[in-house]
1. Of the numbered conditions (1) surrounded by 16 or more Cβ atoms within 10 Å (Cβ to Cβ); (2) within 23 Å of the chain's Cα centre (by Cα), VAL293 fails exactly one; give the number of that condition.
2. Please state which one of ILE287, ILE327 is in contact with a helix residue (DSSP H, G or I) (Cβ under 6 Å, 6 or more places away or on another chain) and either crowded, with 22+ Cβ neighbours inside 10 Å or among the aliphatic types (A, V, I, L, M) (or both).
3. Listed residues THR342, THR332; which is of a type outside the set (Gly, Ala, Ser), within 17 Å of the chain's Cα centre (by Cα) and under 17 Å from ILE411 (Cα atoms)?
4. Are there any pairs, at least 6 apart or on different chains, whose C-beta atoms fall under 7 Å, with the first in segment 272-286 and within 12 Å of ILE300 (Cβ to Cβ) and the second crowded, with 16+ Cβ neighbours inside 10 Å and small (Gly, Ala, Ser), and if so, which?
5. Give segment 427-444 a look and list any residue that's outside any helix (DSSP H, G or I) and more than 18 Å from TYR315 (Cα to Cα), or say none.
6. With the condition kept exactly as written, say whether any residue in segment 293-316 is outside any helix (DSSP H, G or I) and either in contact (Cβ under 8 Å) with a residue 60 or more places away in the chain or in the same structural domain as ILE353 (by TED's automatic domain parsing) (or both).
7. Taking into account only those residues within segment 340-369 that are touching a helix residue (DSSP H, G or I) at 6+ places or on another chain (Cβ under 7 Å) and charged (D, E, K, R), which is farthest from ILE391 (Cα to Cα)?
8. Which pairs have Cβ atoms under 7 Å, sit 6 or more apart or on different chains, and link a residue in segment 160-188 that is closer than 15 Å to VAL150 by Cα to one that is surrounded by fewer than 13 Cβ atoms within 10 Å (Cβ to Cβ) and among the basic types (Lys, Arg)?
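The values are calculated or read from the model by the stated rules, or taken from the named source; none is laboratory data. Computed from a predicted structure; not experimentally measured. Every residue, glycine among them, receives a Cβ derived from its backbone with ideal geometry; neighbour counts consider all protein chains shown.
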Amino acid sequence: KNKFRTCSLNLIEFPSAQKHSSKNCQKKLYAPYFMNLVLSRMPTTSSVTISMSCNEVSLSFHVYFSQAYFHLGINDKLGLSGRPDRPIGCLGTSKIYRILGKTVVCYSIIFDLSDFYMSQDVMMLIDDIKNALQFIKQYWKMRGRPLFVVLIREDNIRGSRFNPILDMLAAFKKGIVGGVKVHVDRVQTLVSGAVVEQLDFLRITETEEAPVFKSLEELDLPKHSKVKRQSSTPNASELEQQPDININDWKNKSTYEILQKLDDCNCLASQALLLSILLKREGPNFITKEGTVAEHIERIYRRAGSKKLWLVLRYSAAFAQKFSSSITPHITTLLVHGKQVTLGAFGHEEEVISNPLSPAVIKNIIYEKCQLQDEREAVVQQELVIHIGWIISNSPELFSGMLKIRIGWIIHAMKYELKFRAGDMPAKDLYQMSPSEVKQLLLDILQPQQQGRGWLNRRQIDGSLNRTPAGFYDRVWQILERTPNGLIVAGRYLPQQPTLSDMTMYEMNFSLLVEDMLQNIDQPEYRQIIVELLMVISVILERNPELEFQDKVDLDKVVQEAFHDFQKDHNRPKGAEHQDDMTAFYNTHPVGKKGTCSYLSKAVISLLLEGDVKTSNDDPCTIS
């Protein structure tokens, strides 16, 4: 009944990877190695036969396909400018193309080093390959077989990175990768079953320049060259990544002195910092001994990527204003899950994204909000958006209670977590960690960890994540119903009217209004105390329907009153120093006789009893 075969993928080796003789086996090992994975969902009754030799198939760069598709839909009479310059997705790169008489195959954007540096992390690259295969398996609907090209570079098999790649290749040989069936074969065998698309819209006139599809070529080593063993290439140490200059000492020095230092300096991190000064002062086209400033930064970017110097790589990526075009669909994924995204550094102005935006607009927001505080923040925030987009698609429960994904605050939580893990030792630098380590750290802080952690740590993490208890926004609505003059927190005022008349309890706009009120709080642990206070007020009002607030409720004053009671019980003398240090209060258990909720409850009841009490004939506790 079902004429479709089992979904599978076929791994193909291009002839160019086999052209070396057995005498040159070392050259073959270190040359770029091309593999094709083909997902099979093709009817058994039909197939596509293409008459072409393998030598006619060329592997081209991703960017050339974007340039070719730019011509799609151009119409001067209708004012149509053609397809935007955006990357081709996994489904688009899984076809064979006939373009201007040539047969071309394209590899996915995840292998494009010019796009973003995350693919230079082998563990991230392997995850991206598995995710791409899963995506193709799920959404491929064409009759032929999808073609997926895997590109393995020399630096992918150096040092500790060799074993993960070897494990992936072993999984290919076994026939299954991440639940997707794979099959290794030659291009001659599989090309006949692939999908071939003719780009007929490329009708280039004599005055127009035809798009050029340059093939990817292997680098030939000298005949007598020796290749070091993979295990002899160690990972970069933290000391190797640190700059040996202080950038503040060089900001006021002349351009000539900076150029002299740049020529004498062997440290890539220091070179990147010196070039950043020249970039801001002289511009990207200023000439150095190694070309323009922009070209020099790009060269450092590639060298740092090859050596896996993540700190230098992030510096140079930020100076070159690298941008990952895959951020846009990930932000859209977050919006579809009912979240808002804020971009910007912790403690500074943030930009809220509540609607899908173009890649150019998102890039401008990131570099405008982040680069003034710390250049590296702009690229790390891009990493986190990509990680969070994948995580929320696979494990949405990790984001329960989080209405706004504040990227800068999440970075703050990750840095705090590193300090907590280090204890008395120096904390690990987040910017020196590989993208896969950053992703794992993100997963660690998203998953509630209770054992061995004080309440200060828990409130720091939950406050940074903007996490709220279940039903929190509904309870704030109920509080507002009993507070005629509204609520105040951190200088933000939430009035009862027209809020209650214009909105409903369960609508998203009200929840966002509450989040806007809490957004002015600049300390994560204090934000979490305010959330606990609102929950306490809700419970008290729910159990005492005869009570309501008579005046504006300043939540900051309620917390201060509770903190003063806490100080009295802990024998803090009035003249003691650091009276405003609330660390001990933040680190106190919320439940119990001496818990924070007991002090908050006492302050709330005191404020409630200052007003009038509503009486009812049905009240069994009437005195007369």
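1. (2)
2. ILE327
3. THR342
4. Listed pairs, sorted by first residue: ALA272/SER316.
5. ALA427
6. yes
7. GLU349
8. From residues that are closer than 15 Å to VAL150 by Cα, the pairs are VAL184/LYS173.
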